[in-house]
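*Asks:* Pasting a structure below so you can have a look.
The values are calculated or read from the model by the stated rules, or taken from the named source; none is laboratory data. Remember, it's a predicted structure, so these values are computed and weren't measured experimentally. Here the Cβ positions follow ideal geometry from the backbone for every residue, glycine too, while neighbour counts run over all protein chains shown. All accessible areas refer to the heavy atoms of the entire protein, side chains included, with ligands and DNA or RNA removed. Shrake-Rupley method; radii C 1.70, N 1.55, O 1.52, S 1.80 Å.
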Amino acid sequence: MSQPIRFGIMGCGYIAQRHLKHIIDHPGATAVGLYDTFNDAAQSLENEYQVPCYTSLDAFLGSDCDMVVICTPNGTHADLAIKAMKAGKHVLVEKPMATSVQDAQKMVDTAKELNRFLYVVKQNRYNPPVQAVKKIIDNNKLGELQLVSLNCYWNRNEAYYKNSDWKGTKKLDGGVLYTQFSHFIDILYYFFGDIDGVNGYIGNLGHHNLIEFEDTGSFNFKVKSGGVGNMSVSTCAFNQNMEGSITIIADNGTIKIGGKYLNTIDYQQTDGFDIKHLPQSSPANNYGFYQGSMSNHDKVIDNVVEALNGEAEIMTTADDGLQVVKMIDQFYKSAKWIS
């Protein structure tokens with residue numbers, strides 16, 4: 001595209017503001033419209049960034065945007081993405097891509113049928129430690145995998161859920177593997193591919209009368225390409241996020257990407273290929289009384305612009321997003337509920 005790519009954004013919450021800022025700051029992009037059924041939120045962004053807001057979905061989809069960024073509650077992603085693609089738009093959808101395999105598959109099928117680009121936001125792929133380990137894996141330096149272990153211990157307090165009309169609901173939120181921990185499952189897929197043989201336990205152990213699903217889970221699984229794995233997750237960490245990590249034990253090395261958000265190398269012992277001189281990771285997304293994953297949305301927008309202009313491959317394809325939803329579905333279907 002010779003002209004700047006025209007972006008429109010659905011949903012005007014915090015993450016939409018982050019997308020909007022990076023779109024406006026990008027020389028190859030421009031923001032042409034916002035959509036939200038809550039007029040106050042859209043009006044606030046319109047006033048701050050001088051981008052027109054719509055409260056009619058039909059009017060928004062009738063605008064001249066090329067790429068629609070979907071930042072609405074999880075359970076609405078599939079319906080809105082399909083409507084946008086049928087209106088002739090390309091789509092960039094925030095995580096999770098969808099909250100069911102059926103919906104994610106419909107999104108992929110629609111994109112292929114209509115020849116639309118469908119991309120998924122998985123910004124942790126851009127973290128310098130993640131990219132460094134991915135390069136080691138792709139160059140076959142680690143050798144055969146024995147074990148991969150994910151540990152994600154975060155805090156989501158009462159205010160997090162009570163300040164929202166959709167978080168904590170099964171229909172629109174979906175569960176902690178969709179909202180909090182899909183990024184970590186994505187990195188598992190990014191590194192090693194698909195899994196099977198999943199078994200585990202989940203329960204709501206610390207958020208009674210606040211959420212309609214689990215807050216804690218522990219799983220074991222097989223990695224199809226070789227090796228075994230485990231994952232433990234919780235939103236019950238006291239007072240603040242504690243850890244978000246992935247540990248890899250393989251023939252030629254042991255590496256732990258850690259910190260709270262896969263943003264540091266916490267341990268490495270390798271056969272001569274230690275990771276050194278990493279760039280500084282971006283700060284975490286700060287939502288006031290809690291934090292989320294790394295704020296690499298500038299890199300996401302840059303990648304989308306380059307991909308649409310034929311200058312780069314997209315970092316996270318629709319098929320990648322679908323596979324992660326399938327993995328989450330395996331975790332949930334395998335899990336036994338405890339109280």
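*Asks:* Tell me, which residue of region 1-46 that is open to solvent by 40 Å² or more (accessible area, probe 1.4 Å) and of a type in the set (Val, Ile, Thr) is modelled with the lowest pLDDT?
*Replies:* So the residue we want is 37.
*Asks:* Modelled with pLDDT of 95 or more, surrounded by 15 or more Cβ atoms within 10 Å (Cβ to Cβ) and touching a Lys or Arg at 6+ places or on another chain (Cβ under 8 Å), is that true of residue 258?
*Replies:* Criteria not met by residue 258.
*Asks:* Which one of 75, 62 is under 21 Å from residue 117 (Cα atoms), touching a Lys or Arg at 6+ places or on another chain (Cβ under 7 Å) and among the small types (Gly, Ala, Ser)? It would help to see each step written out before you state the result.
*Replies:* Numbers: 62 fails: touching a Lys or Arg at 6+ places or on another chain (Cβ under 7 Å).
The conditions single out 75.
*Asks:* Being open to solvent by less than 50 Å² (accessible area, probe 1.4 Å), touching a helix residue (DSSP H, G or I) at 6+ places or on another chain (Cβ under 7 Å) and in a loop (DSSP other than H, G, I, E, B), is that true of even one residue in region 193-200?
*Replies:* yes
*Asks:* Taking the condition of being touching a residue at least 60 places away in the same chain (Cβ under 8 Å) and either open to solvent by less than 10 Å² (accessible area, probe 1.4 Å) or at positive phi (or both), how many residues in region 90-110 meet it?
*Replies:* Counting residues in region 90-110 that are touching a residue at least 60 places away in the same chain (Cβ under 8 Å) and either open to solvent by less than 10 Å² (accessible area, probe 1.4 Å) or at positive phi (or both) gives 8.
*Asks:* Next question, about the same structure. Please go through region 75-84 and give me each residue that is surrounded by fewer than 22 Cβ atoms within 10 Å (Cβ to Cβ) and either of a type in the set (Lys, Arg) or more than 12 Å from residue 57 (Cβ to Cβ) (or both), ordered by number.
*Replies:* Listed by number, the residues that qualify are 75, 82, 83.
*Asks:* Now, a different point. Just to be sure I understand, how many residues within region 149-184 are in contact with a helix residue (DSSP H, G or I) (Cβ under 6 Å, 6 or more places away or on another chain) and not in a helix (DSSP H, G or I)?
*Replies:* 8
*Asks:* Among the residues of region 13-60, what is the count of those that are hydrophobic (A, V, I, L, M, F, W, C) and either within 30 Å of residue 311 (Cα to Cα) or assigned to a loop (DSSP other than H, G, I, E, B) (or both)?
*Replies:* Count: 12.
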